[in-house]
Structures are given as structure tokens and as C-alpha cells.
């Protein structure tokens, strides 16, 4: 078939079904170069819509310019409206408004449809005042609003927390000849529920049905979604009643001939599961009841012919594991859902597997989690780094360290690169089990694989080396850490100071204590008071008393950390040699109050409210 026999509807059809907008544009341009074919309003509109929908706005603007030269501009309002909506959909509100403002200039007078389009996108973007100005301009030009104008205005009132103004406008709709419709009514109902005017909302819903206005499934789903979103409020009984109302609404609309679809059931199930996040701390009984209601709803929906999809199962599994039945040991119910997914030809994805594996590990069922992962691999589901990290953490917590090491090796064999979290978890487990040689061996293996350590990993290494009394090697890591550009923290120095003290090197511990602040700029008094208190208590118990306290006040005479640390130390009894006892006693009896006076007044009161021992020995 030659180009001469092409009709505009053929080109429009090709443009519509071509997924690649640029290929569609290439075809669009190629046919206009052939004799006997001329683009029409239909072909231009299809091409402009295609480019705008896929975000090719520069190409769309060029095509609009060409279209104005070849088509009667008075016919182009529908094209401009489509372009405005595509701009608004991608957040380009100003560009959409620019098209609207230029319509008069291009001899295309905006009708009520254009005003509705620009008002709607302004409201969706939160520009309520600007939308009102557009409405007033429309009224000034003598353009009468239609039912869509009123619906858009009602939405604006509801979005700005004015449901009663929206209701007044809804009641006035019939007077100018606009039809009362379910979309506008459900918008007002949703606004009332968001403002917790539940009685008014329910009364309006019943009134709508009594007048014969039944919402379509899309409109009704939006109303149900309002209930699910209210799960953020922490009044458990109130939330439960709201969700129950949504279920009663569903049954009522069913009798009116509205068939719930997958979105309706998914929204309800997800909402029921999310309620447990709010209610768990207040009332486990209601939490259990809600999860059971979600499970029963799924069974009831399936009985009525509804086929649940992946989202349905994942919503319910997420509710079961994170906040629901797993807390009561009912593991089998969530696992049964996994089996139900397979039976319904609904394969669990990696996200679903991760949910269940993480839940099993948190409950200590690591072997079951491992079996589930192997089963998933056999079914062709490729796991990610989160899955393996979860298992490795579970093995380490149960001290199954050989299995944890095997887990890291298994990551490589399955094409998953272990990250620093995986190695940190494994090294920490080995360190806690005093397998210090394995810690260093695994660390060297990690470096050989190209994984860069972070400061958390070096803290683990220092702890392991100190436990093995390899203090010199731990000190040597200082230069290595600096060479890698990592920032030393108070945890690192606290661990190393502890190792030096345990090794009997009190002078070395004190020197490192001073070096931390002077050379490495790590403040032992203000950066992290709990860690600082831990370090100071340790050094006081080891016999480094006056020097440490002097250092605190030298560095911190104008700050609040020093007296807080001293307050924390008031019951700490240093194990000092007898020749130091007199000086220590003198410090506690006199110098303490004198030094506390250097602190801020409020902290001084706080510290003096606790009785200081005159003689802690």
C-alpha cells in the first residue's frame, strides 16, 4: 500500500499503538513528506498526546508550533487541554498555565473545558488561590460553570479542610441546571471523613444512595482509600470502627449492584493490616481481631469469585509479620499464605520472600528461613543482598558462625556481592565469640574482594585485637584509618583505652585519652556524653583519677558535659594505690564543689541535688 492510499485514521492508529514516542514521531514526519498525504487535526492531536504523555515536551512544543500553521486554530482547544494535562501530570504547572494563557493569542478562545482543566491541575498541585482566580476570571467572561466545574470546586474546598462549604456548593448544584452526581458527592464524603465528621459523612452517603446515585467502582475505591489512610490516627477503637464502616459500605453498595474489584479488596486488606501498627502498643486484642478480619475478608472475597493478586497477599503477609500474628507465635498462618499464593498461580516476589524470611529470623527460626530461601531459589526467585544479610544476622545471633561464614560464600555463588553490612555483621559475631583469628582472616579476605571497610568495621577489629591482647596492632590501625579518610569516633578510642587499661598500660591509656582530643579532635566531653561517661568511669576504676578530671575541666570549663560526667561518676570508686588516697580524698571533699562552680548555673543545681560522697573510700 503506497502513501497515496494512506488515510489520517491509519496514521493516527499507528501513532496510538507505537510504544516509542520518538519512533512514532519519525513515522509521523516521514509520511508528511510524501505526495498525497496531509496531516489533519486527528493526526496532530494523537501525536501531541503521545509526546506529552511520555514527557517529550520539547518535541511536543515544536509540533504544536507546526500544527498552528496547518490547522484552523479555532479547533485546537482539545489539543491544548491534552497538553496542559500532560504538563500538570508531571508537575510542570507553570508550563501548563502558559499554554492556557496563550490560547487567546493563538485565536483559540478557552471554553469551560479549558478553565476546568487548568483549575483542576492547579488544585492538584496545591495552588488553591490561583485556581479560585481562574474561576473568577471565567465568571467575569460570562462563561457558565458546568457540573465538572462544581466538582473541581468541591474538591478544592475539601482539600483546604472546608467540607461544609463543599456541602453547600453540592446542595446548590441543581439550581444552575447542573446534575447532582456521585463523584461530587463522594468527594464531599471523603472531605468530611478526613476532618472526622463521620456522622455527617455517613448521612450524606446514605442520602446519595436513597436518591438513586450509585458511585462507580473507581469513585467508591477512592472513598474506601480514605479509611485506609486514616490508619495514622492512634485511637484504636475509632480506627477499627472506621474500617468496619468501610466494610459495611462495601456490603451496602454490593446490594445496590456495585461489584467490588481487586482495588477495593486490596485497599481494605491493606488498611486492616496497617491498623495493627497503630494499635499494637495499646491493645493486642484488637490488633489480633483486625488481622483476623483481614484474613476472613480475603476468604470471603475469594468465595465471592474474587481472585487475589500479589499485592493482596503481600499486604496481608506484611501485616501478619510486622505487627500481627507473628507476635503471638502463629507462624504457620503466614507461611500458609505463601503456599496459597503458589496454588493461585500467584508467585511470591523477592519482596514477599524477604518479609517472611526477616520475620522468621526475628523469631529465631533461622533454619526455617534458610529452607524457605533455598526453596525460593529452586523456583527461580533470585534473592538480593538484603535476604542474605538477614540470614547472616540470624546465624550470628544464634552463634552459628560457621553457617554465617557459609552464608557470605553463598552470596558470591549466587551472583550477589556482599556489602559492608554483611561483613560487619559477620565480623561482629566472630568478635563476640572471641574467634579473633577468624576476624582478621575474614577482614583480609574482604579487602581482597574489593569491599571498603568503614569506621564501624575498624571498631570491631580494634575490639577483637584488644581481646587478643594485640594492643600494638590495634594502635597501628590508627594510621590505616587516617589514610582511608575515615573519621575516628569516641567508640574507637573508648575500646582502645579499655584494651590499654586491661593490659596494665595506664600511662598509654592516659596519653591516648589526651591524644584523642588534641590530635584527632575527638571530644570526650561533649560529642557523646554516655560514651564519655563510660570512658571516664573505666579510667577512674583503673586508677587514673586526678589527671582525667583535670583534663575534663581544662577542656570544658564553659560547657555542661563536665559536671554531668562528674555526677555520673559520683558513686564510682577508683581502685587507686594507697599513696594516692589522700589526694583523691582531697579532690572529693573540696575540689569537686569548687570545680562544679565553673559549670552553668542550671547544671550546677542539677549536680548539687545529688549528694556527693565526702569520702568514697
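Laboratory data are not the source of any read-out in this text; all were calculated from the coordinates shown. Nothing here was measured: the structure is a model prediction, and the numbers come from that model. Every residue, glycine as well, gets a Cβ built from its backbone with ideal geometry; the counts of neighbours run over all protein chains shown.
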**Report entry** Stretchable slack from residue 454 to residue 198, in nm (0.36 nm times residue separation minus alpha-carbon distance)
**Finding:** 86.9 nm
Query raised in the report: Using mean Cβ contacts within 10 Å as the protection proxy, how do 418-424, 449-455 order, highest first?
Result: 418-424, 449-455
Requested in this report: Compute the length gained on full extension between residue 414 and residue 58: take 0.36 nm times their separation in residues and subtract their Cα-Cα distance, giving the result in nm to one decimal.
Outcome: 123.7 nm
Query raised in the report: Computed over the Cα atoms, what is the radius of gyration of the stretch 26-104 divided by 2.2 N^0.38 Å, N being its residue count?
Result: 1.08
Query - residue 385-residue 447 FRET efficiency (beta carbon distance; Förster radius 22 Å; 0.05 resolution) - result: 0.75
Report summary line: In Å, the C-alpha Rg and Dmax of the stretch 349-401 are 10.1, 30
Requested in this report: Treat the count of other C-beta atoms within 10 Å as a stand-in for reagent exposure and order 414, 39 from fewest to most.
Outcome: 414, 39
Query raised in the report: Sorted by mean Cβ packing within 10 Å, highest first, what order do the peptides 372-381, 183-192 take?
Result: 183-192, 372-381
Report task. Set the Förster radius R0 to 35 Å, insert the Cβ-Cβ distance between residue 139 and residue 70 as r into 1/(1 + (r/R0)^6), and round the FRET efficiency to 0.05. Result -> 0.50
**Report entry** Distance (nanometres) between label positions extended 7 Å along Cα→Cβ at residue 40 and residue 515
**Finding:** 8.7 nm
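Any idea what % of Cα-Cα pairs in the stretch 31-190 are farther than 28 Å?
That fraction is 30 percent.
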Requested in this report: Work out the FRET efficiency for residue 398 and residue 437 from their Cβ-Cβ distance, taking R0 = 35 Å, and round it to the nearest 0.05.
Outcome: 0.95
Query raised in the report: Going highest first, how would you order 15-24, 506-515 by mean Cβ packing within 10 Å?
Result: 506-515, 15-24
